[in-house]
Amino acid sequence: MSTGFGNGNYASNESPANLFDGNANTKYCIIVICESCTPDTGFYLTLERGSSLLEGFRIRTANDVPDRDPLTITIEGSNEDSSSLTSGSSWVLIYNGVSGLSTDPGRLTWGPYKFFSNLITFSSYRFLVTTKRGVANLTQYADVEFLSTKS
């Protein structure tokens, strides 16, 4: 993923960094040209504080176009070094399910907390959107909050 206006890209002012800034007025918006395809868009992050046990999350909707909201997601964890994270083979699935946005809560609004059972601490996490609300060629959300405990 990088900035640009092609498939799998995002505008420079709508980057993954916006997801953890706590600002409802910024968003991450990624282009998915094939409207009928599974989006499989998202992000990964390596925690600065070290390994943590992820136990839940919630998502805040972006400012416009409800059809772009993520409906189902996967969350995976890894303890590999950063050079292995982009290959895709180092990830362990820890959540596969609903995003909490099945019912549109409105724009710039947090969805409910979603909790899941996880017994493994990881230093990196990958979040992928597998379906979205509508047939838009973009996927977007304003913030993601991970609920975890430090190991």
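Each reported figure results from applying straightforward, stated rules to the coordinates on display, with no laboratory input. These numbers were taken from a predicted model, which means no experiment stands behind them.
Taking LEU108, LEU128, LEU93 as the candidate residues, the one with maximal mean-square fluctuation in a Gaussian network model of the chain, Cα springs under 10 Å, is LEU93. All C-alpha pair distances within the range 21-151, sorted into 5 Å bins from zero, spread as 2, 11, 21, 22, 20, 14, 7, 2, 0 percent across the bins. Proximity of backbone amide H atoms, modeled 1.01 Å from N, is registered between TYR141 and TYR28 at under 5 Å, excluding neighbours fewer than 5 places apart on the same chain. Considering the range 83-151 at the alpha-carbon level, its Rg and Dmax are found to be 14.2, 40 Å.
Only helices enter this figure: runs of n ≥ 4 DSSP H residues, each worth -39500 (n - 2.57), summed and divided by the residues of the chain, yield -500 deg cm²/dmol at 222 nm to the nearest 500.
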